[in-house]
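Quick notes on the structure that follows.
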Amino acid sequence: MQTFELTVTVNGTRYQRSVEPRTLLSDFLRHDLGLTGTHVGCEHGVCGACSVLMDGQPIRSCLTFAVQAHGHEIITVEGLGTRESLHPIQQAFQEAHGLQCGFCTPGILTTVKAFLEQNPRPSEEEIREALSGNLCRCTGYQHIIEAVQLAAEKMRG
Amino acid sequence: MKPAPFEYFAPPTTEEALSLLAEHGYDAKVLAGGQSLIPMMNFRLVQPSVLVDLNNIAELAYLRAAEDGGLRVGAMTRHRQVETSPLAAERAPLIHAAMSKIAYPQVRTRGTFGGSVSHADPSAELPALSLALGGKFLLRSQRGERWVAAEEFFVSLFTTVLEPDELLVEASIPPMPPRSGWSLQEVARRPHDFALMGVAAVVALDEKGLCKEARLAYLSAGDRPLAAERAAEALKGQPPSPEVMREAAEIASMQEIDPSSDIHATAEFRRHLAKVLTRRALEQAFQRAAENQQEG
């Protein structure tokens with residue numbers, strides 16, 4: 001069995017691990033690093049629950065091999081805020097009821113982080129576009145959109 | 001869910017990638033953005049024994065102005081790069097405008113131009129747009145290199161003329177002709193999903209305002225991206241009137257495309273969509289061409 005010596009920075013911490021090339025980044029984050037905040041839904045690129053940031057851009061971690069993250073920087077939901085000090089996006093989702101069961105939330109939060117950094121004053125239309133690759137089966141999206149609008153306000157300060 | 005085991009190579013140069021393909025040939029799959037290949041591997045629909053990952057080959061990711069006024073796109077150029085490129089917007093406005101229709105932001109971060117074209121999904125945008133624009137592809141192997149026109153490149157479902165040791169390294173998109181216009185029309189259940197039917201139109205007018213050139217290319221209309229040549233022929237030399245456009249839409253949708261029925265739509269419904277979308281695409285393309293005529 002071929003293994004690969006992987007060096008990757010996740011949420012600011014450098015990790016070195018041996019991985020099989022077929023290990024998906026989503027499984028690496030959850031099983032090898034114990035970062036179970038990244039959720040795995042469909043595992044074929046449809047649901048968006050596994051979205052993380054790679055060098056600041058949103059990607060599907062189930063459609064990326066862990067070896068492909070070698071030398072790159074990954075941000076997962078654990079890298080946003082802490083229980084004591086939530087990220088403004090997390091704060092906004094809490095205040096605006098932007099989640100119900102919460103399964104899709106980690107993928108939405110990471111996607112929204114990259115989006116609001118690129119577009120601090122988005123329209124509702126642009127928010128819907130940005131989240132087109134994230135499925136939520138609870139909310140009907142309305143509160144998610146409102147949470148992103150609130151988050152944008154908070155981040156603009 | 002796990003892909004089956006494979007041997008993994010991530011060469012830093014095109015030369016090394018070609019050497020690996022020459023060595024492993026039929027057993028190898030090329031990994032570009034992975035947004036189609038990795039789902040198929042996750043489901044074990046595809047089980048390559050060797051994977052040649054191009055993501056470390058920086059020399060394959062570029063957008064360059066071609067001397068003829070067109071655009072040269074390196075195979076590993078991400079959709080996101082094209083979407084945010086002023087050069088692409090200027091040189092290949094149809095392709096630039098289509099980017100936001102291709103899947104979702106997370107997929108466009110990774111997905112590549114060369115990967116989409118080589119994968120040859122008949123429902124994908126870039127194969128059909130390459131056909132509509134008269135694009136061509138540079139294929140390279142250790143045996144040499146060759147240019148293949150989009151018309152010749154796509155063979156059937158997920159099948160192209162690429163040999164097992166060949167790599168698509170560049171797409172060349174010719175410049176838009178003078179007094180020309182374009183349009184891409186699609187119907188999808190939800191925005192960004194694969195379209196149930198889609199058509200790209202590229203038209204040019206002559207000095208008298210008659211149709212000089214026309215190209216119509218369809219996605220989700222057969223086992224590969226399809227060009228409607230007879231419909232295009234029916235437009236040439238004609239004024240862009242509603243009757244002429246209706247006639248072309250009739251020919252294309254009833255005689256030239258070959259849609260199939262599946263869980264998403266019947267073949268009959270797809271033909272209906274093709275007729276309506278062709279008319280809309282031609283109206284918009286001729287409108288844009290007329291605006292360019294006034295400016296020019």
Selection from the range B:1-57 of residues within 12 Å of another protein chain (Cβ to nearest Cβ) and in a helix (DSSP H, G or I) yields B:37, B:38, B:39, B:40, B:41, B:42
Picking from B:146, B:140, the residue that is among the basic types (Lys, Arg) and surrounded by 18 or more Cβ atoms within 10 Å (Cβ to Cβ) would be B:140
Of the residues in the range A:16-60 that are in contact with a Ser or Thr (Cβ under 7 Å, 6 or more places away or on another chain) and of a type in the set (Ser, Thr, Tyr), the one that is farthest from residue A:105 (Cα to Cα) is A:18
Residues of the range A:125-145 being away from chain B (no Cβ under 14 Å) and either more than 25 Å from residue A:40 (Cα to Cα) or touching a His at 6+ places or on another chain (Cβ under 6 Å) (or both), in sequence order, are A:143
Looking for something more than 14 Å from chain A (Cβ to nearest Cβ), farther than 30 Å from residue A:49 by Cα and either basic (Lys, Arg) or part of a loop (DSSP other than H, G, I, E, B) (or both) - is there at least one such residue anywhere in the range B:106-126? no
Across the range B:54-69, the tally of residues that are of a type in the set (D, E, K, R) and crowded, with 21+ Cβ neighbours inside 10 Å stands at 0
Flagged pairs (Cβ under 8 angstrom, 6 or more apart or on separate chains; first in the range B:150-178, at positive phi; second at pLDDT 95 or above) are B:158/B:119; B:158/B:120; B:158/B:121
Those residues of the range A:94-122 which are part of a helix (DSSP H, G or I), over 15 Å from the mean Cα position of the chain (by Cα) and more than 13 Å from every other protein chain (Cβ to nearest Cβ) amount to A:94, A:95
By residue number, the members of the range B:259-296 that are part of a loop (DSSP other than H, G, I, E, B), under 13 Å from residue B:196 (Cα atoms) and not hydroxyl-bearing (Ser, Thr, Tyr) are B:259, B:262, B:263, B:264, B:265
>> Against the condition within 13 Å of chain B (Cβ to nearest Cβ), within 26 Å of residue B:111 (Cα to Cα), in contact with a helix residue (DSSP H, G or I) (Cβ under 7 Å, 6 or more places away or on another chain) and assigned to a helix (DSSP H, G or I), how does residue A:59 come out, does it pass?
In response: no
inquiry  = Can you say whether residue A:91 is surrounded by fewer than 21 Cβ atoms within 10 Å (Cβ to Cβ), within 15 Å of residue A:112 (Cβ to Cβ) and either within 11 Å of another protein chain (Cβ to nearest Cβ) or of a type outside the set (D, E, K, R) (or both), as far as the supplied structure shows?
reply    = yes
Within the range B:224-244, identify whether any single residue is assigned to a loop (DSSP other than H, G, I, E, B), touching a helix residue (DSSP H, G or I) at 6+ places or on another chain (Cβ under 9 Å) and basic (Lys, Arg), and answer yes or no. yes
- Among the residues of the range A:63-70, is there at least one that is assigned to a strand (DSSP E or B), over 13 Å from the mean Cα position of the chain (by Cα), within 11 Å of chain B (Cβ to nearest Cβ) and touching a residue at least 40 places away in the same chain (Cβ under 8 Å)? yes
Residue match in the range A:134-145 (condition: without any contact (Cβ under 8 Å) to a residue 60 or more places away in the chain, assigned to a helix (DSSP H, G or I) and within 17 Å of the chain's Cα centre (by Cα)): yes
Residues of the range A:40-56 being more than 7 Å from chain B (Cβ to nearest Cβ) and crowded, with 20+ Cβ neighbours inside 10 Å, in sequence order, are A:47, A:49, A:50, A:52, A:53, A:54
Exactly one of B:293, B:238 is over 28 Å from residue A:45 (Cα atoms), surrounded by fewer than 19 Cβ atoms within 10 Å (Cβ to Cβ) and at pLDDT below 95, and that one is B:293
Q: Confirm whether residue A:150 is part of a helix (DSSP H, G or I), away from chain B (no Cβ under 11 Å) and out of contact with any Phe, Trp or Tyr (no Cβ under 6 Å at 6 or more places or on another chain).
A: yes
Within the range B:70-97, restricting to residues that are out of contact with any strand residue (DSSP E or B) (no Cβ under 8 Å at 6 or more places or on another chain) and in a helix (DSSP H, G or I), the one that is surrounded by the fewest Cβ atoms within 10 Å (Cβ to Cβ) is B:86
Of A:30, A:22, A:17, the only residue that is more than 13 Å from chain B (Cβ to nearest Cβ) and either assigned to a helix (DSSP H, G or I) or not polar (S, T, N, Q) (or both) is A:17
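The values are calculated or read from the model by the stated rules, or taken from the named source; none is laboratory data. The structure presented is a predicted model; accordingly, all values stated were derived computationally and were not measured. In this analysis, Cβ positions are derived from the backbone assuming ideal geometry, glycine residues included, and neighbour counts consider all displayed protein chains.
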